[in-house]
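These notes concern the structure reproduced below.
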Amino acid sequence: MSVDEDTANHGRLLGTVRGPQDVKRMSAEQLDILAAEIRDFLIAKVSRTGGHVGPNLGVVELTLAMHRVFDSPRDRLLFDTGHQAYVHKILTGRQDGFDRLRQRGGLSGYPSQAESEHDLVENSHASTALSYADGLAKAYALRGEQRSVVAVVGDGALTGGMCWEALNNIATAGNSLVIVVNDNGRSYSPTIGGLADHLSSLRLNPGYEKVLDTVKDALGSTPLVGRPMYEVLHAVKKGIKDAVAPQAMFEDLGIKYVGPVDGHDLEAVESALRAAKNFGGPVIVHAVTRKGYGYRPAEEDEADCLHGPGGAFDVETGKLVAAPSVKWTHVFADELVAIADERPDVVGITAAMAEPTGIAKLARKHPGRVYDVGIAEQHAATSAAGLALGGLHPVVAVYATFLNRAFDQVLLDVAMHKLPVTFVLDRAGITGPDGPSHYGIWDMAVFGVVPGLRIAAPRDAATLREELREAVAVDDGPTIVRFPTGTVAADLPALRRVGPVDVLAESPRTDVLLVAVGSFGHLGMEVAARVAEQGYGVTVVDPRWVRPVPAELLELAAGHRLVVTVEDGVRVGGVGDALAQAMRDADVRVPLRDLGVPADWHPHGTRAQILADLGLTAQDVARDVTGWISRLDAEPVEPVSLPAGGSAQN
Ligand SMILES: Cc1ncc(C[n+]2csc(CCOP(=O)(O)OP(=O)(O)O)c2C)c(N)n1
């Protein structure tokens, strides 16, 4: 039976759900059917658009229970990371949006205030929900408002330090607050670390099944809710505490613990949530779930339980429909292994993203030389500093958007100590369907201010290999190598090299110096060809190393009438800004125009769509360049450097 037929046959109940009140009315039998329909719906829809299918299949019952026990939006339901909020979206009137999930103008893949009053925070970076919840609970307590605050957090997100800072404060504050730990044992791959070991020992304990039965029996025979119910649960837990000890960890923090409950047993989850709701203090409900539950290709996907296929996938197999292509990530992964084969001091670090960043390849080749630190980018940076102090050269592979978290660690712990750590930033620039918080557009600006940090932006596979090697050869300070998402650009050989700068195109006329940063090399070539048709000569260069600004770039700038920079990052503090400043300092009086990404929140869509919206296509840039240079012709002025902070747009 196809999923479409399945949906047609069984989607009737789901079709009646327009808001949380509709699931509150349903009988146990109806809810069972509804859960199955939601799974069919998720698989049918997400298989066409791509998205976080595995995590959402795992929280169907959890989310149903939350909406039955609590009263959203008056009660506040928070989903840590937010990638598992699809079921919540389905139950809060957004079913129709799933045809255009993560597509331009369509439903966001994360909670979105613009979409619904049921979405309070716009997250996607992990481990923040407990801090939001702490603040909300304090605010409601102070204002005397009776509202429940519920935060769902995965065992993966729980490896993030913010969660532990939050738990510490939640315990001290003592406000009423429910923390649902969605424990599926996995981040992308199995969750690592001491906490994960605790949780998995609980899951693997032979007494576990018995525990679930005992909890269920207790709930079934206890008609009361509220504190008495909690006491029952508590007593049950205390009774089994000697057999399964890890929950003591939470109680030692001063937070009451309920569980473990079978996260796919709706009745059990509901009972636990009702008890927690009425307890009157902070409570952790420990729900054990299975990522990808109910969909075999996800359950059996060893790599990541179909965590988040990037595009459409085949429903029968779970395999991506698009033909495989060579991604930037693959080029990095292969070259890193080659470097590590030659250099035993090179080690890798990942923050729970071994497969997505490609560093898993190094782990397979050289087990013991890659450290997965959990969702802990700050720790990754300072731990890398420690590894460097210990005589190694760590390569920290993260998505560009996530390194923002570790600014202080990169600045002081790594750079101030002049430590040789290479940060490899995948998914830099405009990424696309994951939307504003996943755009890797801040790195060159944010880390550009770090003294002694060098930043490389390769334009193709050959320069990625080369610049990675140059980066790990630096032994007196940190380096960043940043590249975009998707299929790697075709190799674009240089005509010649001046210092670190590659000259990609030249003309007898030296009207415009076009500085094409990173993957914009190809765009630069097309712009040069278009502008040449208007009779102007364009020199296209790729600086390769954008920070510090190469002195050779200043010399090249001085030999042209106009400098134009184009970069896949925010304009404020970006490569163009830095070059303008360096030109002012060197008294190079050539006008400069900087094209890039405005420092703003850009919506989700494909990378190509968003770049087109921002005027970052060859056609747009060529039109801009032609306009600027022809204006210089029309109004010949003594070229002057632009004033400080001279761009009107940010
Ligand atoms: C700060 C940060 N680093 C990395 C990620 C990438 N990421 C998204 S989901 C995820 C795993 C989350 O695991 P868990 O919280 O257990 O949720 P599950 O998907 O297993 O339901 C990771 C590492 C992120 N969102 N935020």
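The values are calculated or read from the model by the stated rules, or taken from the named source; none is laboratory data. This structure is a prediction, so every number in the text was calculated from the model and none was measured. Cβ placement follows ideal geometry from the backbone for every residue including glycine, while neighbour counts extend to all protein chains displayed. Calculation scope for accessible area: heavy atoms of the full protein, side chains included, ligands and nucleic acids excluded. Shrake-Rupley method; radii C 1.70, N 1.55, O 1.52, S 1.80 Å.
Remark: pairs (first residue in segment 573-593, within 14 Å of PRO550 (Cβ to Cβ); second residue of a type outside the set (A, V, I, L, M) and surrounded by fewer than 21 Cβ atoms within 10 Å (Cβ to Cβ); Cβ separation under 6 Å; 6+ apart in sequence or on different chains) = MET583/SER641. Taken residue by residue, segment 177-186 has at least one member that is part of a loop (DSSP other than H, G, I, E, B) and open to solvent by less than 50 Å² (accessible area, probe 1.4 Å).
The combined condition, being modelled with pLDDT under 95, of a type outside the set (Gly, Ala, Ser) and away from the ligand (no atom under 16 Å from the Cβ), is fulfilled by PRO324. For segment 258-273, state whether one or more residues are touching a Lys or Arg at 6+ places or on another chain (Cβ under 6 Å), of a type in the set (A, V, I, L, M) and at pLDDT 70 or above. Checked segment 258-273: at least one residue is touching a Lys or Arg at 6+ places or on another chain (Cβ under 6 Å), of a type in the set (A, V, I, L, M) and at pLDDT 70 or above. Of all the numbered requirements in (1) out of contact with any Gly (no Cβ under 8 Å at 6 or more places or on another chain); (2) farther than 20 Å from GLY308 by Cα; (3) open to solvent by less than 50 Å² (accessible area, probe 1.4 Å), ALA171 misses one, and that requirement is (1). Which residue is most open to solvent (accessible area, probe 1.4 Å), if the candidates are limited to segment 601-650 and must be at pLDDT below 60 and over 30 Å from GLY435 (Cα atoms)? Checked segment 601-650; the qualifying residue most open to solvent (accessible area, probe 1.4 Å) is GLU638. Just one of (1) more than 16 Å from the ligand (Cβ to nearest atom); (2) modelled with pLDDT of 95 or more; (3) outside any helix (DSSP H, G or I); (4) open to solvent by 20 Å² or more (accessible area, probe 1.4 Å) fails for PRO367. It is (2).
The number of residues in segment 542-585 being within 23 Å of ILE430 (Cα to Cα), crowded, with 19+ Cβ neighbours inside 10 Å and of a type outside the set (Gly, Ala, Ser) comes to 17.
From the list VAL288, VAL283, VAL269, VAL258, the lone residue that is β-branched (Val, Ile, Thr) and open to solvent by 10 Å² or more (accessible area, probe 1.4 Å) is VAL288.
The helices (runs of 4 or more DSSP H) falling completely within segment 518-603 include none with 3 or more residues that are under 23 Å from SER507 (Cα atoms) and among the aromatic types (Phe, Trp, Tyr).
Just for segment 370-424: of the residues that are more than 16 Å from the ligand (Cβ to nearest atom) and within 21 Å of the chain's Cα centre (by Cα), which one is farthest from PRO451 (Cα to Cα)? Result: VAL395. From the list VAL346, VAL395, the one residue that fits, being open to solvent by less than 30 Å² (accessible area, probe 1.4 Å) and touching a His at 6+ places or on another chain (Cβ under 6 Å), is VAL346. Checked against the criterion of being open to solvent by less than 20 Å² (accessible area, probe 1.4 Å) and either within 13 Å of the ligand (Cβ to nearest atom) or not in a helix (DSSP H, G or I) (or both), the candidates LEU120, LEU130 yield just one match: LEU130. Contact annotation: residue pairs with Cβ atoms under 6 Å, 6 or more positions apart or on different chains, pairing a residue in segment 466-487 that is without any contact (Cβ under 8 Å) to a residue 60 or more places away in the chain with a partner that is of a type in the set (D, E, K, R) and part of a loop (DSSP other than H, G, I, E, B), are ASP476/LYS418. VAL87 fulfils the conditions (1) within 12 Å of the ligand (Cβ to nearest atom); (2) among the β-branched types (Val, Ile, Thr); (3) surrounded by fewer than 24 Cβ atoms within 10 Å (Cβ to Cβ) except for a single criterion, (3). Within segment 303-346, the set of residues being out of contact with any strand residue (DSSP E or B) (no Cβ under 9 Å at 6 or more places or on another chain) and under 19 Å from LYS361 (Cα atoms) comprises ALA303, PRO324, HIS330, VAL331, ASP334, GLU335, VAL337, ALA338, ASP341, GLU342, PRO344. Within segment 152-163, residues that are closer than 14 Å to ALA287 by Cα and modelled with pLDDT of 95 or more have Cβ atoms under 7 Å from residues that are within 7 Å of the ligand (Cβ to nearest atom) and part of a strand (DSSP E or B) in these pairs: VAL152/ASN182; VAL153/ASN182; GLY154/ASN182, counting only partners at least 6 apart in sequence or on another chain.
Given the criteria within 20 Å of the chain's Cα centre (by Cα), surrounded by 17 or more Cβ atoms within 10 Å (Cβ to Cβ), modelled with pLDDT of 95 or more and more than 16 Å from the ligand (Cβ to nearest atom), does LEU107 qualify? Considered against the rule, which asks whether it is within 20 Å of the chain's Cα centre (by Cα), surrounded by 17 or more Cβ atoms within 10 Å (Cβ to Cβ), modelled with pLDDT of 95 or more and more than 16 Å from the ligand (Cβ to nearest atom), LEU107 comes out as yes. Looking for whichever is within 23 Å of LEU464 (Cβ to Cβ) and out of contact with any Ser or Thr (no Cβ under 8 Å at 6 or more places or on another chain) here; the options are GLY615, GLY569. Which one fits? Step by step, each of GLY615, GLY569 is checked, and only GLY569 is within 23 Å of LEU464 (Cβ to Cβ) and out of contact with any Ser or Thr (no Cβ under 8 Å at 6 or more places or on another chain). Checked against (1) within 30 Å of PRO436 (Cβ to Cβ); (2) out of contact with any His (no Cβ under 8 Å at 6 or more places or on another chain); (3) more than 16 Å from the ligand (Cβ to nearest atom), ARG68 passes all but a single condition, namely (1).
For the condition farther than 18 Å from HIS438 by Cβ, at pLDDT 95 or above and open to solvent by less than 20 Å² (accessible area, probe 1.4 Å), what is the one hit in ALA333, ALA338? Of the residues listed, the single one that is farther than 18 Å from HIS438 by Cβ, at pLDDT 95 or above and open to solvent by less than 20 Å² (accessible area, probe 1.4 Å) is ALA333. Of the residues VAL23, VAL17, VAL46, the single one that is assigned to a helix (DSSP H, G or I) and either out of contact with any His (no Cβ under 6 Å at 6 or more places or on another chain) or within 15 Å of the ligand (Cβ to nearest atom) (or both) is VAL46.
From the list LEU403, LEU419, LEU362, LEU425, exactly one residue is open to solvent by less than 20 Å² (accessible area, probe 1.4 Å), at pLDDT 95 or above and under 23 Å from GLU302 (Cα atoms). Which is it?
Just one listed residue meets the conditions, LEU362.
Scanning segment 311-330 for residues that are touching a residue at least 60 places away in the same chain (Cβ under 8 Å), part of a loop (DSSP other than H, G, I, E, B) and open to solvent by less than 80 Å² (accessible area, probe 1.4 Å), we see that the one that is nearest to ALA471 (Cα to Cα) is SER325. Scanning segment 136-192 for residues that are more than 9 Å from the ligand (Cβ to nearest atom) and of a type in the set (Lys, Arg) returns LYS138, ARG143, ARG147. Considering only residues in segment 428-444 that are within 13 Å of the ligand (Cβ to nearest atom) and assigned to a loop (DSSP other than H, G, I, E, B), the one that is least open to solvent (accessible area, probe 1.4 Å) turns out to be GLY435.
Residues that are in contact (Cβ under 8 Å) with a residue 24 or more places away in the chain and in a loop (DSSP other than H, G, I, E, B) are absent from segment 378-387 altogether. On the basis of being touching a Lys or Arg at 6+ places or on another chain (Cβ under 8 Å), of a type outside the set (A, V, I, L, M) and at pLDDT 95 or above, does SER148 make the cut? Criteria met by SER148.
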